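The values are calculated or read from the model by the stated rules, or taken from the named source; none is laboratory data. None of the values given here were measured: they were computed from a predicted structure. Don't worry about glycine lacking a Cβ; one is built from the backbone with ideal geometry, like all the others, and counts go over all protein chains shown. Surface accessibility is based on the protein's heavy atoms, side chains included, excluding ligands, DNA and RNA. Shrake-Rupley method; radii C 1.70, N 1.55, O 1.52, S 1.80 Å.
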Amino acid sequence: MAAPTYASKIADELERDALDRFLRYVRIDTQSDRDSPAHPTTAKQLDLSRLLVDELNGLGLEDVEMTEQGYVFATLPGVDAGDGPTVGLVAHVDTSPDAPGAGVDPQIWTSYDGGELVLPGDPSQVLSPATSALLGERIGHDIVTSDGTTLLGADDKAGVAEIMAAAAWLLANPQVPRARARLAFTVDEEVGRGTEGFDIARFGSDFAYTLDGSTVGHIENETFSAVKLSVTFVGVGVHPGTAKGKMVNPVRIAARFIASLPTETLAPETTEGREGFVHPYEISGGIEGVTVTFILRDHDWDRLVEHEALVRRLAEEAVTDPRATVSFAREEQYRNMGEALDRVPHVVDAALEAARRVGLEPVRSSVRGGTDGARLTELGLPTPNLYTGGNEFHSVREWISVQDLAISAATAVELLRVWADPAWRERAAS
């Protein structure tokens with residue numbers, strides 16, 4: 001299948017700068033750490049934050065600052081925007097701890113021909129349309145991957161690069177009307193703490209957009225709701241040589257519990273679309289006690305409550321010896337932002353309009369995951385999610401099309417142009 005061609009002069013002009021920034025950013029190791037109590041959870045995230053401060057100052061943006069917790073804020077002044085709103089653009093600097101993130105060596109595959117891409121650092125890692133359907137729709141595009149030994153970092157350094165390139169283009173074209181924009185680059189999004197120290201009043205936008213999505217054209221106005229649940233089994237530890245009739249092995253209890261979980265339903269590998277899941281992703285401990293940590297997800301809060309009840313019931317049923325115990329630690333991570341965004345439809349409508357202006361046919365979609373925007377929306381700042389063009393996030397097979405990177409950056413430009421258009425604002429308000 002031939003790749004889409006984008007009839008956007010702005011995207012053409014943005015392509016080189018967006019790519020150069022992206023390649024520069026992905027080489028900086030910014031992985032966050034689920035187990036760290038600090039905020040940010042890793043100091044190395046600030047290596048990119050400090051670079052962005054330097055680049056924002058170099059571009060001539062206003063109010064550039066890095067907060068004590070590592071958030072980077074800046075202001076892009078409006079041009080001929082009248083009494084229009086202040087629009088937020090948000091991306092996160094950290095990358096996922098789910099795959100190696102140090103020493104990223106980006107590879108550019110020019111004019112992709114539709115065949116297999118054997119990643120040179122690990123030839124067992126092969127990208128092809130057979131395993132990544134969207135890749136088959138990008139014939140003729142330039143594809144960026146890692147070398148197969150690390151993730152690429154398109155999640156979310158593509159979003160970072162797109163916001164930076166869009167700001168640079170608008171500053172270089174002062175004749176183009178644009179809304180006033182507040183830019184934000186957050187830390188620790190990948191470990192669910194991206195808004196932990198985010199000061200909405202200090203940010204000062206009327207609403208915002210995260211650039212943290214995937215397929216171009218997809219405007220995400222819904223996320224999962226999310227709960228983290230840790231299940232801890234404690235038994236009776238005894239030397240195995242004298243354990244008969246005494247030992248109660250929590251490892252065996254945990255194994256029995258995990259084996260009782262649904263596999264044909266409610267597992268990430270067997271669900272799609274709006275189907276939720278129960279995902280045990282970490283086991284730790286030993287003979288004194290074992291903890292199984294879950295993420296529970298669903299777009300519907302009532303169904304999420306049911307998933308949690310199922311896990312708790314199965315855990316309790318796995319404890320068959322009265323000398324053993326089970327306990328639970330629960331953390332509510334974020335709520336589906338769909339209901340709140342339905343109350344401000346013009347915020348999503350503007351993103352749809354921006355996508356149309358770059359020649360795309362926009363699609364409203366739901367995120368099978370979460371974004372900083374889910375929590376920001378819950379806190380009162382409506383924040384839908386925009387596409388960045390990245391694919392196969394959190395893996396060494398992550399990839400992005402250069403042309404998709406550029407059209408995503410052009411969408412950010414058009415979004416600020418939409419909000420500077422008084423005629424569009426009047427139609428949206430009616």
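Structural remarks
- For residue 63, the conditions (1) among the charged types (D, E, K, R); (2) assigned to a helix (DSSP H, G or I); (3) on the phi > 0 side of the Ramachandran plot are fulfilled apart from (2).
- Test result for residue 249, open to solvent by 20 Å² or more (accessible area, probe 1.4 Å) and at pLDDT below 95: no
- The number of residues in region 234-270 that are closer than 20 Å to residue 313 by Cα, small (Gly, Ala, Ser) and assigned to a helix (DSSP H, G or I) comes to 4.
- Each residue in region 412-430 was checked for being modelled with pLDDT of 95 or more, more than 15 Å from residue 156 (Cβ to Cβ) and not aromatic (Phe, Trp, Tyr), and 7 of them qualify.
- Those strands (runs of 3 or more DSSP E) of region 271-374 in which 3 or more residues are among the hydroxyl-bearing types (Ser, Thr, Tyr) occupy 325-334.
- Test result for residue 33, farther than 26 Å from residue 204 by Cβ, at pLDDT 95 or above and either in contact with a strand residue (DSSP E or B) (Cβ under 9 Å, 6 or more places away or on another chain) or part of a helix (DSSP H, G or I) (or both): no
- Single residue of region 371-400 satisfying the filter (small (Gly, Ala, Ser) and out of contact with any strand residue (DSSP E or B) (no Cβ under 6 Å at 6 or more places or on another chain)) that is most open to solvent (accessible area, probe 1.4 Å): 380
- Complete set of residues in region 113-162 that are touching a helix residue (DSSP H, G or I) at 6+ places or on another chain (Cβ under 7 Å) and open to solvent by 40 Å² or more (accessible area, probe 1.4 Å): 129
- Residue in region 50-57 that is part of a strand (DSSP E or B) and more than 25 Å from residue 419 (Cα to Cα) present: no
- Residues satisfying the stated conditions in region 339-367, i.e. within 13 Å of residue 218 (Cβ to Cβ) and open to solvent by 70 Å² or more (accessible area, probe 1.4 Å): 361, 364
- For residue 23: the one exception among (1) of a type outside the set (D, E, K, R); (2) over 21 Å from the mean Cα position of the chain (by Cα); (3) assigned to a helix (DSSP H, G or I): (2)
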